[in-house]
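The values are calculated or read from the model by the stated rules, or taken from the named source; none is laboratory data. Bear in mind the structure is a predicted one, so any value in this text is a computation, not a measurement. Quick reminder, even Gly has a Cβ in these numbers, built from the backbone with ideal geometry, and neighbours come from all protein chains shown.
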Amino acid sequence: MGGLIPAVIQDADTKDVLMVGFMNKESFRKTQKLKKVVFWSRTRQKIWMKGESSGNTLNVVSIMADCDNDTVLILAKPQGPTCHKGTYSCFNLKRENDIGFIKNLYSLIRDRFERKPENSYTTSLFKSGIDKIAQKVGEESVEVVISAKNRSKKRMIEEVSDLIYHLLVLLVARGISLESILNELRTRQK
């Protein structure tokens, strides 16, 4: 293909295909160096970085070649819409798989557990111990029930968000992976 290879760009969190472009050696090397996706434009005959004018870059998480070494798969974190039409994906996909966000939040909480940065609410929870964390989960659970009974959707969304956050803190504090919870839920599926 005249020194070009297809590059499939996939959302690192959702695994949705965002777009497909072409790369030559120079654009591939720039992608590796900048950690931002850079293509070769077949119509303009020049190198271009995704988002160079819009700011909607694709931040590279990983790059891998297929079994024939003639196509690359790039996992990236999109910074804004990927498509020039302003949509999440060039394939008109809507971002629906937000389990990636929960995984990222879990990773952030685990990082707080390991590094314990000052002035962090999460750090203060870990320093207060498992009993305090479990107490917060209990408090948030009760607040979810109360908000459900009061029929305020907005308040219930806020309380469920607090509960999920504190549950993730509890999982990290106890050394339980998010994957083990997902695996348990899968075994219960009939």
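Per the listing 77, 15, 36, the residue uniquely surrounded by 17 or more Cβ atoms within 10 Å (Cβ to Cβ), charged (D, E, K, R) and in contact with a strand residue (DSSP E or B) (Cβ under 9 Å, 6 or more places away or on another chain) is 36. Of all residues in region 131-138, none satisfies being within 24 Å of residue 9 (Cβ to Cβ), out of contact with any helix residue (DSSP H, G or I) (no Cβ under 6 Å at 6 or more places or on another chain) and among the aliphatic types (A, V, I, L, M).
Picking from residues in region 137-160 that are in contact (Cβ under 8 Å) with a residue 12 or more places away in the chain and of a type in the set (Gly, Ala, Ser), the one that is nearest to residue 104 (Cα to Cα) is 141. Is it true that some residue in region 104-120 is touching a residue at least 24 places away in the same chain (Cβ under 8 Å), over 21 Å from residue 179 (Cα atoms) and crowded, with 16+ Cβ neighbours inside 10 Å? So far as region 104-120 goes, no, none of its residues is touching a residue at least 24 places away in the same chain (Cβ under 8 Å), over 21 Å from residue 179 (Cα atoms) and crowded, with 16+ Cβ neighbours inside 10 Å. Among what's in region 132-159 and is among the basic types (Lys, Arg) and exposed (fewer than 15 other Cβ atoms within 10 Å of the Cβ), pick the residue that is modelled with the highest pLDDT. Checked region 132-159; the qualifying residue modelled with the highest pLDDT is 132.
Residues that are surrounded by 13 or more Cβ atoms within 10 Å (Cβ to Cβ), charged (D, E, K, R), in contact with a strand residue (DSSP E or B) (Cβ under 8 Å, 6 or more places away or on another chain) and within 22 Å of residue 92 (Cβ to Cβ) occur at least once in region 50-66. Look at region 161-189: where a residue is farther than 14 Å from residue 135 by Cα and assigned by TED's automatic domain parsing to the domain that holds residue 137 and a partner is among the hydroxyl-bearing types (Ser, Thr, Tyr) and assigned to a helix (DSSP H, G or I), sitting 6+ places away or on another chain with Cβ atoms under 6 Å, you get 178/106.
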